[in-house]
Amino acid sequence: MNGAVVMKKVLLFLLLFLLSTTTVFAESTPTVTQKNYTVAIIPYLNTTEETKDFVKDVVQSKYAEEFTTKSFTIVADVDVQKALHTAGYDVSNMELPEKDVFAAVAKETKADYVVAMEITNLISTRHMSFFSTKVETKAKLKYKFYSTSQDKLTAFQTTGDSENVATLVGNVGYKAPITAALNKAMDSGYDKIVSNF
């Protein structure tokens, strides 16, 4: 009987110890507050010679899609276009805007951040041998990212590459490797932008 009492005390001690460590860990876990940022997305530019419809479709679906999480509110395209027009931005120059245009867009749309992207390089090459055909694609994107709170414009480039191989028989198209390369480059761009928030 004396052993049973000791065993109960040991079990009670272990239970209290486990409860106290759980409480300590629960209190030491930082709480993350989720802020909702307003983002104005300037329409992308494609200054390459690659103008196939699927390039446009891939970029349009992915470019703004990254910002459709709970953390972001995207300014309506109509409001961004109006702000660009008011700021005097001329898209026909095929150049990303300068800092003053970003600041004007941010002010008029009340955006916390303004993002712009340009496809600067999109090269696909086909390599054929007796046994296989391969298409390699390299994409280079240029981003400009404006922070309203810091009044700071950041510019950077991202790259993505992909290859599509068919062995023995079969034809290899350009769509899959171009899509993959653009997606990789845009994912990298999004990660760099979000790391600055």
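The values are calculated or read from the model by the stated rules, or taken from the named source; none is laboratory data. Just so you know, these numbers come straight off a predicted model, no measurement behind them. Here the Cβ positions follow ideal geometry from the backbone for every residue, glycine too, while neighbour counts run over all protein chains shown.
Summary of computed values
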item: Checking Lys142 against (1) under 18 Å from Lys175 (Cα atoms); (2) surrounded by 18 or more Cβ atoms within 10 Å (Cβ to Cβ), the condition it does not meet; result: (1)
item: The lone exception for Ala87 - which of (1) touching a residue at least 12 places away in the same chain (Cβ under 8 Å); (2) over 26 Å from Ser195 (Cβ atoms); (3) surrounded by fewer than 17 Cβ atoms within 10 Å (Cβ to Cβ); (4) small (Gly, Ala, Ser) it fails; result: (3)
item: Pair list, Cβ under 6 Å, 6 or more apart: the range 45-60 residue in contact (Cβ under 8 Å) with a residue 40 or more places away in the chain, other residue part of a helix (DSSP H, G or I) and not small (Gly, Ala, Ser); result: Phe54/Lys175; Val58/Thr179; Val58/Leu182
item: Val75 closer than 25 Å to Ser195 by Cβ, touching a Ser or Thr at 6+ places or on another chain (Cβ under 8 Å) and not charged (D, E, K, R); result: yes
item: First in the range 179-194 and within 14 Å of Val114 (Cα to Cα), second anywhere and aliphatic (A, V, I, L, M) and buried (at least 20 other Cβ atoms within 10 Å of the Cβ), Cβ under 6 Å, 6 or more apart; result: Gly189/Leu141
item: Qualifying residue in the range 67-79 (condition: crowded, with 17+ Cβ neighbours inside 10 Å, part of a helix (DSSP H, G or I), modelled with pLDDT of 85 or more and over 17 Å from the mean Cα position of the chain (by Cα)); result: no
